[in-house]
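Asks: If you scroll down you'll find the structure; I have some questions about it.
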Amino acid sequence: MNKLSFKLGVFIFTIIILVEAILFLFLYTNLANSREEEVLENLLARGNSHRDVLEKRFDQATLNHVALMESEAESLVVITNRDKEVIVQSEPLQPEIQHLLNKSLQDVNHSGKVLDGHWRSSQYVATVSPITLEGEMAGYVYMFSPTMVVQRVINQLSNQFLLVGFIALFLTVLAIFILSHFITRPLVRMKKATEGLIEGKDQVNLHYKQNDELGQLAHSIVTLSNELNRLKQDRKDFLASISHELRTPLTYIKGYSNIASRKGLSEEEQNHYLGIIKEETEHLTQLVKNLFDLAKMDQNEFSIEKSPVSLCDLMAKVHEKVRPILSEHDLSLRVRCDAKVVVNVDAERFQQVLLNLLDNAIKHTPAHSHIDMSVSVENGRVGISVTDEGEGIPEEELPYIFERLYRVDKSRSREYGGSGLGLSIVKEIVEKHEGEVAVKSELGQGTSLTIVLKKEDLLTYE
Ligand SMILES: Nc1ncnc2c1ncn2[C@@H]1O[C@H](COP(=O)(O)OP(=O)(O)OP(=O)(O)O)[C@@H](O)[C@H]1O
Ligand SMILES: [Mg+2]
């Protein structure tokens, strides 16, 4: 029996029984004692009042009258002379009463005395009241009350507690039922649901509407399963996109290498085809490199090594690198920076970030336009922006451009050789630096991407 409902039931049952036992013990002793005291006090009072009557008139008629009065009551009276010889009695004497009559009465005074008060061990409790006539001891009034009276009360109490015990047992069985319905059953359902998830089931349905802890658990399991499904779908989509991305340049390479190897081609034609093959190979290499970077980032194997870097120097280096491609597209790059700004970043990775941003700007800006790369400091934080005068990005696409393999215009991006990984790499690198990337864009006007570093990474600025 390893069920939660059973364990809880047993626990409740034990608590009820324990409380009941303590109550019983407490009431039992209190009730028995007070009942006993009450009986004894009454008995002594009655004995004393009989004695008082007898002290006024000590004759046979009064004696008979007293006996007659007691014969109707549950208690009984025995009156003896001073030598303890019975003069009158309300009922025939039992051996135990006889035994009590023989007890020594040395320390009995006029207010009487309890002879035997042990209701548990004896059949009777008894009191004695001495009769004195004109200063002389004339006899004794003995009163007896059967202990049955007290015992009856105690027995009643025991029976009631026994009844409560049975009710507790019944309630426990009921509680186990209810608990198993309200607690264990939903838990078992959730357990089955999670097992289903492990086995690869897509959908979990837990119809638990209550907003208690179990409801929250059910909600978490459903959220988890949805998240799992989303991840599965993402992985499928990603794999599909990746295979497509890899297949396209490979198809080009295969096709153009077939054409290039044909006989009778002029050198010029051959060079043209080889150029395309080279371009596609470079694209493929870049794609694989980017994917590899992202995979490393996902596995947290991607470390950044920060060092003090002058942003101006870094930008000049990047400018130098993109100079040929800028002139190829007839574009000019304006770099605005402050030589005093030194930041704490991974120079290699940051160069990659800037190259990616510039690459995008170059790809999406028409010839004879300007691209701006500038540094600004606001509230102690450095911002690096790359702004172009290109086609811009539609507002509804902005939230997605940092997603992997996302491209706004799929067919045209392909022309530019983009695969939609650049900005996701930018975002990962900047986030590794605990910075932020923001984008502003207007269709037909241009796009501006800004990287804001955290305060601590700005080392010097005057
Ligand atoms: N400056 C920009 N102007 C207009 N559109 C842009 C600009 N930068 C990015 N985009 C859009 O956002 C998409 C995602 O950019 P991202 O750099 O991630 O991919 P990509 O440039 O297509 O490919 P990759 O960078 O991997 O070669 C681009 O395909 C493009 O549609
Ligand atoms: Mg790009």
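The values are calculated or read from the model by the stated rules, or taken from the named source; none is laboratory data. Everything numeric here is computed off the predicted structure, so don't read it as measured data. We place every Cβ from the backbone using ideal geometry, glycine too, and count neighbours over all the protein chains shown. Each accessible area value is taken on the protein alone, full model and side chains, heavy atoms only, with ligands, DNA and RNA left out. Shrake-Rupley method; radii C 1.70, N 1.55, O 1.52, S 1.80 Å.
Asks: Please specify each residue of the stretch 100-127 satisfying the condition of being under 18 Å from residue 141 (Cβ atoms) and without any contact (Cβ under 8 Å) to a residue 12 or more places away in the chain.
Replies: The first filter runs over the stretch 100-127 and keeps only residues under 18 Å from residue 141 (Cβ atoms), leaving 100-117, 124-127.
Within the stretch 100-127, 104, 106, 107 meet the criteria.
Asks: Can you work out which of the residues in the stretch 181-215 that are open to solvent by 100 Å² or more (accessible area, probe 1.4 Å) and among the polar types (S, T, N, Q) is nearest to residue 6 (Cα to Cα)? Working first, answer last.
Replies: Of the stretch 181-215, the ones open to solvent by 100 Å² or more (accessible area, probe 1.4 Å) are 182, 185, 189, 191-192, 198-199, 201, 203, 205, 207, 209-211, 213.
Narrowing further to those that are among the polar types (S, T, N, Q): 203, 205, 210-211.
Details: 203: 31, 205: 26, 210: 23, 211: 24 Å.
Taking the candidates together, the pick is 210.
Asks: Anything in the stretch 99-123 that is open to solvent by 80 Å² or more (accessible area, probe 1.4 Å) and out of contact with any helix residue (DSSP H, G or I) (no Cβ under 7 Å at 6 or more places or on another chain)? List them, or say none. Write out each step before concluding.
Replies: Going residue by residue through the stretch 99-123, those that are open to solvent by 80 Å² or more (accessible area, probe 1.4 Å) are 99, 102, 106-107, 109-110, 118, 120-121, 123.
Hits for the stretch 99-123 are 99, 102, 106, 107, 109, 110, 118, 120, 121.
Asks: Can you work out which of the residues in the stretch 331-346 that are over 22 Å from residue 393 (Cα atoms) and assigned to a loop (DSSP other than H, G, I, E, B) is farthest from ligand 1 (Cβ to nearest atom)?
Replies: Per the criteria, the residue is 340.
Asks: Yes or no: the stretch 348-356 includes at least one residue that is away from ligand 1 (no atom under 15 Å from the Cβ) and buried (at least 18 other Cβ atoms within 10 Å of the Cβ).
Replies: Yes; the residues of the stretch 348-356 include at least one that is away from ligand 1 (no atom under 15 Å from the Cβ) and buried (at least 18 other Cβ atoms within 10 Å of the Cβ).
Asks: Considering the stretch 357-409 alone, what residues qualify as being modelled with pLDDT of 95 or more, polar (S, T, N, Q) and within 13 Å of ligand 1 (Cβ to nearest atom)?
Replies: 385, 387
Asks: Among the residues of the stretch 24-40, is there at least one that is assigned by TED's automatic domain parsing to the domain that holds residue 131 and closer than 17 Å to residue 142 by Cα? Please lay out each step first, then the result.
Replies: Let us first name the residues in the stretch 24-40 that are assigned by TED's automatic domain parsing to the domain that holds residue 131, namely 24-40.
Next, only the ones that are closer than 17 Å to residue 142 by Cα stay: 39-40.
Yes; the residues of the stretch 24-40 include at least one that is assigned by TED's automatic domain parsing to the domain that holds residue 131 and closer than 17 Å to residue 142 by Cα.
Asks: What about residue 435, is it near ligand 1 (Cβ under 8 Å from one of its atoms) and either open to solvent by less than 20 Å² (accessible area, probe 1.4 Å) or under 21 Å from residue 341 (Cα atoms) (or both)? Show your work before the answer.
Replies: Details: near ligand 1 (Cβ under 8 Å from one of its atoms): no; either open to solvent by less than 20 Å² (accessible area, probe 1.4 Å) or under 21 Å from residue 341 (Cα atoms) (or both): yes.
Against the criterion (near ligand 1 (Cβ under 8 Å from one of its atoms) and either open to solvent by less than 20 Å² (accessible area, probe 1.4 Å) or under 21 Å from residue 341 (Cα atoms) (or both)), residue 435 does not qualify.
Asks: Related question: Just to be sure I understand the filter: pairs with C-beta atoms under 7 Å, separated by 6 or more residues or on different chains, first member in the stretch 147-158 and at pLDDT 75 or above, second member assigned to a loop (DSSP other than H, G, I, E, B) and open to solvent by 60 Å² or more (accessible area, probe 1.4 Å). Which pairs pass?
Replies: Listed pairs, sorted by first residue: 147/123.
Asks: Are any of the residues in the stretch 75-94 more than 25 Å from residue 156 (Cβ to Cβ), touching a His at 6+ places or on another chain (Cβ under 9 Å) and not in a loop (DSSP other than H, G, I, E, B)?
Replies: Within the stretch 75-94 (the criterion being more than 25 Å from residue 156 (Cβ to Cβ), touching a His at 6+ places or on another chain (Cβ under 9 Å) and not in a loop (DSSP other than H, G, I, E, B)), the answer is yes, since at least one residue qualifies.
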